[in-house]
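Every number here is computed from the coordinates shown, using simple stated rules; none is lab data. Treat the numbers as computed from the prediction; the structure is a model and nothing was measured. Here the Cβ positions follow ideal geometry from the backbone for every residue, glycine too, while neighbour counts run over all protein chains shown.
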Amino acid sequence: MVSEDQQLHVMFLPYVAPGHMMPMVDMARLFAANGIRVTILTTTKNALSFQNSIARDVRFGQKISLEILRFPSVEAGLPEGCENLYDATSPEMHKVKLANELGIPRLAFSGSGFFNLCVSHNIDRYKPHDDIKLETEIFIVPGLPDKVKLTRSQLPDIVKTKNEFSSLFEELKKAERDSFGVLVNSFYDLEAGYVDHFRKDIGIRAWSMGPVSMFNRDTDDKIERGGNSCVSKHSCLSWLGSREANSVLYICFGSLTRFTKAQIREIACALEESGHSFIWVVGKVSDSKDCDFWLPERFQENVSGKGLIISGWAPQILILEHPAIGGFLTHCGWNSIVEGVSAGVPMVTWPVFAEQFYNEKLVTQVIKFGVPEKQWTGPSRISITP
Ligand code: UDP
């Protein structure tokens, strides 16, 4: 028998954005389910989005607990209660600094996959874009297992020019290299060549732990994952149950994308004209002071019977795993890709910012499990660049 003080105790400190917090909480619960003592450090409001699942785990006898800290929103110059990037109403609010060294053995958690880690590493190392004049000219990223094609316009701004985030990113990369190793929400068959490349050629110890979202087997875990969903379990499942298999397109741009009203209007028109069944998770708008969510007039009536509109948080994995879903229009956030692939749903890719353009190439060029949406040609495309 291992005594209480000899037992391995792992602390998890998730970064305060849904795309990091949710897979890390899933991972923490997975550790606990394997008999490890686990504590998740988080803040009061963030705890609300997963404390019910943790309470269920405790009832099942797992040694998992929360250590809840007060987040100094006001002292940090943020509105009261703003504790997560999902709640940030302007890009400036993303500049909250991270806590640095914990001074204990540390494993880094990568919010993205091996493919992105390898592409970013090789772009940093070989700088293939330096010789490219046109933003739209295609180049191949050197030194990778496949011919991965990109254009300069698809590179994150921070890669092309140093900005105020550069030193923060450098510190993060250094912290990752100095860690004992990296835990990744991925699985070997999804990106085998890149798992090997990362471990052998880049030389960092790493483990694939995913797909971590599949740890949520209980329907209540799925509906509550990441926060209070805007649709009830019953209405969502009964709507999906009324559709034929593989007939519904699920559209979601993740937790951080903010489109303008003009962009929302374009998407709404396209959906209405397409005549297909859809579920559209309408994200917050970037250009309205009066409301978080916005839709063109009469859109809801015009598509009633065809579309389910979710203005707010959706139970994504519950939806993706439903047999009625036949396609996923995604912004290519890493979690969404892993969740879509795990559910066996082919994708239409529409990356919006940051490494989403790299992730897209895994889907469209390497595993060929999706096709790209035509490049956006409407008004200003990107509203938030964390
Ligand atoms: N998600 C969700 N409901 C929503 C929006 C997002 O459950 O309405 C979840 C989704 O399942 C995924 C995560 O939020 O696990 C988003 O992470 P991703 O890496 O795809 O994108 P990000 O939000 O970081 O851009």
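Restricting to region 1-56, give me the number of residues that are within 17 Å of residue 222 (Cα to Cα), of a type in the set (D, E, K, R) and surrounded by fewer than 21 Cβ atoms within 10 Å (Cβ to Cβ). Final tally of qualifying residues: 1.
Among the numbered conditions (1) among the aliphatic types (A, V, I, L, M); (2) buried (at least 20 other Cβ atoms within 10 Å of the Cβ); (3) more than 15 Å from the ligand (Cβ to nearest atom), the only one that residue 366 does not meet is (2).
For region 174-193, what are the residues that are assigned to a helix (DSSP H, G or I) and either of a type in the set (D, E, K, R) or in contact (Cβ under 8 Å) with a residue 40 or more places away in the chain (or both)?
First, pick out the residues of region 174-193 that are assigned to a helix (DSSP H, G or I): 174-178, 188-190, 192-193.
Those that are assigned to a helix (DSSP H, G or I) and either of a type in the set (D, E, K, R) or in contact (Cβ under 8 Å) with a residue 40 or more places away in the chain (or both): 174, 175, 176, 177, 178, 189, 190, 193.
When region 320-340 is limited to residues that are more than 10 Å from the ligand (Cβ to nearest atom) and surrounded by 23 or more Cβ atoms within 10 Å (Cβ to Cβ), the one that is farthest from the chain's Cα centre (by Cα) turns out to be 325.
Of the residues examined, residue 304 is not one that is closer than 15 Å to residue 251 by Cβ and among the hydroxyl-bearing types (Ser, Thr, Tyr). Scan region 146-153 and give yes if some residue there is out of contact with any Asp or Glu (no Cβ under 6 Å at 6 or more places or on another chain), within 27 Å of residue 339 (Cα to Cα), in contact (Cβ under 8 Å) with a residue 24 or more places away in the chain and not charged (D, E, K, R), otherwise no. Yes: region 146-153 contains one or more residues that are out of contact with any Asp or Glu (no Cβ under 6 Å at 6 or more places or on another chain), within 27 Å of residue 339 (Cα to Cα), in contact (Cβ under 8 Å) with a residue 24 or more places away in the chain and not charged (D, E, K, R).
Residues of region 155-166 include none that is within 21 Å of residue 110 (Cα to Cα), of a type outside the set (Ser, Thr, Tyr) and surrounded by fewer than 12 Cβ atoms within 10 Å (Cβ to Cβ).
Every test in (1) buried (at least 21 other Cβ atoms within 10 Å of the Cβ); (2) farther than 28 Å from residue 169 by Cα; (3) touching a helix residue (DSSP H, G or I) at 6+ places or on another chain (Cβ under 6 Å) is passed by residue 349 save one, and that test is (2). For residue 273, indicate whether it is away from the ligand (no atom under 16 Å from the Cβ), over 23 Å from residue 219 (Cα atoms), free of Cβ contacts under 8 Å to residues at least 40 places away in the same chain and not in a loop (DSSP other than H, G, I, E, B). Yes; evaluated as a whole, the condition is true for this residue.
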